[in-house]
Amino acid sequence: MIGISQIGVYIPDRKVSNLDLLEKFDVNESFIKEKIGVLRRARKQPEERSSDLCVKAFDDLNKKTSIDVSEIDCCVVVTQNPDFNIPHTSAIVHGALGLPEECASFDISLGCSGYVYALSIVMAFMQANGMAKGLLFTADPYSDIIDEDDKNTALIFGDAATVTLLDSNAKLIPMGFDFGSKGAGYKGLINEGKLHMNGRAVFGFTATVVPKSITKLLTKLDLEKDSVNRWYLHQGSKYIIDTITQRLELDKQKVVFDMYDYGNTVSSSIPLLLCHDIDSMQVGQKIGLSGFGVGLSWSSAIFQRIN
């Protein structure tokens, strides 16, 4: 069965400190640490595009597990910040990595929920077409669309990219998924030249739908929440993670939080967390994933370590 084998990541070395902006935005250090949860935001170089970040994430993956690019059957990029409107960014990544012409390449236009959605889409696509190895990239460099004077967004988002190797020799395989959309709320997070976010609306949406989605999925799989060893939730903000944890009455020690040093990286946030733990998980352990945000959209999944 196709599943997650390994994850490569790229976080730019360049960082912008939120603590230098306390006076500008009339906030204190406690607000930055306890509510937003972002001390520094990762920033790509101005000339770098999504495809450049993807290639650097692939370099990290190749260090962790040597990749024979001639064996790659599909190349998929999750992004809402493509290099160009035409062509698709996956075509550019395909060319940069020298992938074979027989390799299928396409983009998925999803944001914060995109990684979990794409796992289901790409694994099903590979299995349906007899593919053995695929690369799933995420890259949403919001620094290109942020208004640095907008308190609602300027303190939150960072740049990064990831690539997940999907193959039949997987460490993690899916047990089940749950998906949903609230398209009527699309204006809550929208790019109209610059990114605009209605923080209150997005928070209210998240705090309501994510606990329901996870509860629904656990019921569907006949699992107790305590049987899940680790939870990897989209890193929207510390306050959002804390709220979901409280509403689901999850063990805080099982809920991963790590965005202090790079920020909310949109579609990359879950694989950025997962890459640190994938090699140390024990066979049989279960993990929960949930992405939520722009769309408004959400997706949750339970995976299990099998080898």
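The values are calculated or read from the model by the stated rules, or taken from the named source; none is laboratory data. Predicted model only: the values in this text are computed from it and were never measured. Every residue, glycine as well, gets a Cβ built from its backbone with ideal geometry; the counts of neighbours run over all protein chains shown.
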### Query
Quick one: in segment 111-144, which of the residues that are of a type in the set (A, V, I, L, M) and assigned to a strand (DSSP E or B) is surrounded by the fewest Cβ atoms within 10 Å (Cβ to Cβ)?
Leu136
## Note on the structure
The residue from Thr65, Thr79 that alone is among the hydroxyl-bearing types (Ser, Thr, Tyr), closer than 16 Å to Asp52 by Cβ, touching a residue at least 12 places away in the same chain (Cβ under 8 Å) and not assigned by TED's automatic domain parsing to the domain that holds Val294 is Thr79
### Query
Residue check: is Asp20 part of a helix (DSSP H, G or I) and buried (at least 17 other Cβ atoms within 10 Å of the Cβ)?
no
### Message
Only one of Phe177, Phe205, Phe257 is among the aromatic types (Phe, Trp, Tyr), more than 30 Å from Ser143 (Cβ to Cβ) and not assigned by TED's automatic domain parsing to the domain that holds Asn18. Can you tell me which?
### Response
Phe177
### Message
I'd like the residue in segment 219-247 that is in a helix (DSSP H, G or I) and within 21 Å of the chain's Cα centre (by Cα) and, out of all such residues, is nearest to Gly158 (Cα to Cα).
### Response
Lys238
### Message
Kindly evaluate Ser90 against the criterion of being part of a helix (DSSP H, G or I), surrounded by 13 or more Cβ atoms within 10 Å (Cβ to Cβ) and touching a Ser or Thr at 6+ places or on another chain (Cβ under 6 Å).
### Response
yes
### Query
In segment 4-62, what residues are among the β-branched types (Val, Ile, Thr), under 30 Å from Ile173 (Cα atoms) and touching a strand residue (DSSP E or B) at 6+ places or on another chain (Cβ under 6 Å)?
Ile4, Ile7, Val9, Ile11
### Query
In the set Asp60, Asp83, Asp20, Asp26, which member is modelled with pLDDT of 95 or more, out of contact with any His (no Cβ under 6 Å at 6 or more places or on another chain), within 28 Å of Thr153 (Cβ to Cβ) and among the acidic types (Asp, Glu)?
Asp60
### Of residues in segment 64-87 being more than 21 Å from the chain's Cα centre (by Cα) and part of a helix (DSSP H, G or I), the one nearest to Pro100 (Cα to Cα)
Ser70
### Task
State which residue pairs qualify: first residue under 20 Å from Val266 (Cα atoms) and inside segment 22-44, second residue of a type in the set (Phe, Trp, Tyr) and part of a helix (DSSP H, G or I) in any location, beta carbons under 8 Å apart, and separation of 6 or more residues or different chains.
Glu34/Tyr239; Lys35/Tyr239; Ile36/Tyr239; Gly37/Tyr239
### Task
Within segment 93-108, track down each residue that is surrounded by 20 or more Cβ atoms within 10 Å (Cβ to Cβ) and assigned to a loop (DSSP other than H, G, I, E, B).
Leu99, Cys103
### Task
Mind telling me which of the residues Gly288, Gly236 ends up being at pLDDT below 95 and surrounded by 15 or more Cβ atoms within 10 Å (Cβ to Cβ)?
Gly236
